[in-house]
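Written below as structure tokens is the structure these notes are about.
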Amino acid sequence: MKYIFLLLSSFAFAQQTTKVDFKNVHANLDLDAVQKTISGQVSYDFEVLSTIDTIRIDAKNMDFSEVQINTKSVQFKNSPAELKLFQGFKIGNNTLIFKYKAKPKQTLYFFGEGDGLQIWTQGQGKYTSHWLPSFDDVNEKVIFSISLNYDKNFTAISNGKLKNSEISGNIKTWNYDMEKPMSSYLAMLAIGKFEKKTETSASGIPLEFYLSEEEASKFETTYKHSKQIFDFLEKEIGVKYPWEIYRQIPVKDFLYGGMENTTSTIFSEDYVVDEIGFNDRNYINVNAHELAHQWFGDLITAKSGKDHWLQEGFATYYALMAEKELFGDDHFNWKMYEIAEQLQQASKTDTIPLLNPNASSLTFYEKGAWALHFLRENVGEKNFQKAVKSYLEKYSFQNVETDNFLKEINKISKFDTTKFQKIWLEQSGFEVKEALQLLQKNKFIKSYLELLPLAEKPLAEKHKLFEKILKSDAYFPLKEEVVFQLQPLEFKEKEMLLKLAMASKDLKVRQAVAKTINKFPEEFKPEFETFLDDNSYVTKEIALNVLWSQFPKEQHKYLEKSKTWIGMNDKNLRILWLTMALMSKDYEVENKINFYDELLNYTTPKFESNVRQNAITNLIFIKPTDTNVLKALVNPLVSHKWQFSKFARDKIRELIKKEKFKNYYLELLPTLPENEKAQLQRLLG
């Protein structure tokens, strides 16, 4: 998951966890998609360990009724943040029951309408209390049972195994049960019109794969290698998958790549791909990352933000090892090299170390992964596996700190973990020298590093080497680097080498050529046109752009060839085609209005934010003063997806520097819904 920093719980709550032990929760929940509300009855079993005057349950902006403890009605206090209980409980075991209702401003999201409606959650560290009265402190672990009541024509999913379901009229109830405790931020629900396919892992765990009904043709490509990843991680980690089932559900406009809810990962529908899309962007790394979290984060959970790398660093590293299993050593070392470059560059400004709750995502994830790689290489693969196995088994269903892990390393190795912690975990920057020493054990990386300094050399001095590389079966980054070093040269000087690169069967090498030559003589056009037929939506987009721009007399020809292209989830090819069709003189003049209407339609809330942003960007490019587009920029200001909201804010800020745009938005204000009006007013103010 993309982590938003988890603040430490208040002293009052930390004190509560030592005096009250919440054990089980059952929630019977109703969702209203029209009102965007959630309501239901919740029961908690808890044990009071010692005298306490107030018991607190995190509950953001909720209304409570029929609050009972041990079957008796009790008084309570309800603040905007908490349900506070101060009577009716006793030392020992107690049962709390209440009804509640909420209209969450975040964490529970409603997308689309009709058959396209989806409802899903994203608890992200400490936010489940916006839709379910629960605990924002990750140290409070509870066994969840969640029942969902909704339209029988939909599918409703939550944590754990589906115990049973029942239908009453048009409403179906799905009853889900967990057997082991987990932190509240890992509770989830997802509702939509999904199709499902199932497999069974080598160890007998049921694996459920979901797709929305309209994407049902993409099971094989979206979930490619999923069972292999599961079986590999279970074997590599050395501890059996800790839950009874594992399922994966893609949803529209998800906030991040994926989220490791216990037993039930939710991920972005951007990773739902066909055969061609798989070559441009696939689910494999996110798939492995979120699955690794079922051990690192779900089975054991960091006590505080300071040790967050114990979740994200481990998940990142094990995902890379899963890729190594699938694609080999060269692939793994190339990924580690790319990460090392990123970390080295970031270290110039990113000075917060890994063992710090304010560390960046790059530090928690990528530097955490590199720290583990350095550790594994120095203590040895078998020793590392033993330590990880012991660590997971010892602290199962508990909370952990960095010292807990390093003590397990100390048991199996004389490696200096004190020095390791100081350099890799407590010190800012990135250990470039140590990283390069490890990377250069790989022959391919060594060759790549030897190639880089040749960038300043004249072509005559390296022509034979380049030719040899391009004719070889070398891993693609070597050939890519050759193409990148050719970029500044005149076309005639590099033509022969470019044709060699284009003869490669590797789509990435061919794509590098397409990216680096945007001007070429007309006689080379037939060769360049072959990029239009590559099995890559990105390469097709690059080639179509170049050819349409460089050869205006043949624009109609290229538009006819690409007329039915859609592209990736953001409709990159369709939106590009519509833009070009509108800008191409004399092309289907009678259909220009239809092309415009289709492109404008893609800016509306019926579509995911990536489609809307793509369409808005292109329409502004066509005509910056188009008031339809200016208006389409306002609704994204209230989008739940912060990336889309930021895009709209930045674009409007840029526009209103000019008086005519500012006046337009001032005139638009009174016509807007209140939430949009408030956000736009803030920008204009």
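The values are calculated or read from the model by the stated rules, or taken from the named source; none is laboratory data. Predicted model, so just to flag it, every value in this text is computed and none were measured. Cβ sites come from the backbone with ideal geometry, for glycine too, and all protein chains shown count toward neighbours. In case anyone asks, the SASA skips ligands and DNA or RNA and just uses the protein heavy atoms, side chains included. Shrake-Rupley method; radii C 1.70, N 1.55, O 1.52, S 1.80 Å.
The table below lists the values:
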quantity	calculated
The listed residue being over 22 Å from residue 305 (Cβ atoms), surrounded by fewer than 18 Cβ atoms within 10 Å (Cβ to Cβ) and in contact (Cβ under 8 Å) with a residue 40 or more places away in the chain, out of 377, 456, 401	377
Answer from 74, 67, 48, 20 - the residue that is more than 32 Å from the chain's Cα centre (by Cα), at pLDDT below 95, more than 30 Å from residue 170 (Cβ to Cβ) and open to solvent by less than 50 Å² (accessible area, probe 1.4 Å)	20
Breaking point among (1) in a loop (DSSP other than H, G, I, E, B); (2) of a type in the set (Ser, Thr, Tyr); (3) out of contact with any helix residue (DSSP H, G or I) (no Cβ under 8 Å at 6 or more places or on another chain), for residue 262	(3)
Set 569, 535: member being within 36 Å of the chain's Cα centre (by Cα), in contact (Cβ under 8 Å) with a residue 40 or more places away in the chain and open to solvent by 60 Å² or more (accessible area, probe 1.4 Å)	535
Hits in segment 227-244 (condition: open to solvent by 10 Å² or more (accessible area, probe 1.4 Å) and either at pLDDT below 95 or touching a strand residue (DSSP E or B) at 6+ places or on another chain (Cβ under 8 Å) (or both))	227, 244
Selection count, segment 166-200, where residues are of a type in the set (Gly, Ala, Ser) and in a strand (DSSP E or B)	4
Lone qualifier among 298, 307, 270 - being within 25 Å of residue 565 (Cα to Cα), acidic (Asp, Glu) and modelled with pLDDT of 95 or more	270
Residue check, residue 651 charged (D, E, K, R), closer than 30 Å to residue 563 by Cβ and outside any helix (DSSP H, G or I)	no
Test: residue in segment 268-284 that is free of Cβ contacts under 8 Å to residues at least 40 places away in the same chain and within 14 Å of the chain's Cα centre (by Cα)	yes
Exclusive hit being among the small types (Gly, Ala, Ser), within 25 Å of residue 301 (Cα to Cα) and either in contact (Cβ under 8 Å) with a residue 12 or more places away in the chain or open to solvent by less than 80 Å² (accessible area, probe 1.4 Å) (or both), set 396, 472	396
First in segment 549-565 and at positive phi and surrounded by fewer than 13 Cβ atoms within 10 Å (Cβ to Cβ), second anywhere and among the small types (Gly, Ala, Ser) and assigned to a helix (DSSP H, G or I), Cβ under 8 Å, 6 or more apart	none
Among residues of segment 484-500, those that are of a type in the set (A, V, I, L, M), in a helix (DSSP H, G or I) and either open to solvent by less than 50 Å² (accessible area, probe 1.4 Å) or more than 17 Å from residue 526 (Cβ to Cβ) (or both), counted	4
Residues within segment 415-453 that are part of a loop (DSSP other than H, G, I, E, B), under 24 Å from residue 307 (Cβ atoms) and out of contact with any helix residue (DSSP H, G or I) (no Cβ under 6 Å at 6 or more places or on another chain), tallied	6
Residues within segment 102-120 that are within 17 Å of residue 153 (Cα to Cα), in contact with a Phe, Trp or Tyr (Cβ under 8 Å, 6 or more places away or on another chain) and part of a loop (DSSP other than H, G, I, E, B), tallied	1
Residue selected from segment 150-165 under the condition open to solvent by less than 80 Å² (accessible area, probe 1.4 Å) and assigned to a loop (DSSP other than H, G, I, E, B), by the criterion farthest from residue 228 (Cα to Cα)	154
Top-ranked residue in segment 289-310 [being assigned to a helix (DSSP H, G or I) and open to solvent by less than 10 Å² (accessible area, probe 1.4 Å); ranked as farthest from residue 393 (Cα to Cα)]	305
Flag if residue 39 is under 29 Å from residue 256 (Cβ atoms), of a type in the set (Ser, Thr, Tyr) and modelled with pLDDT of 95 or more	yes
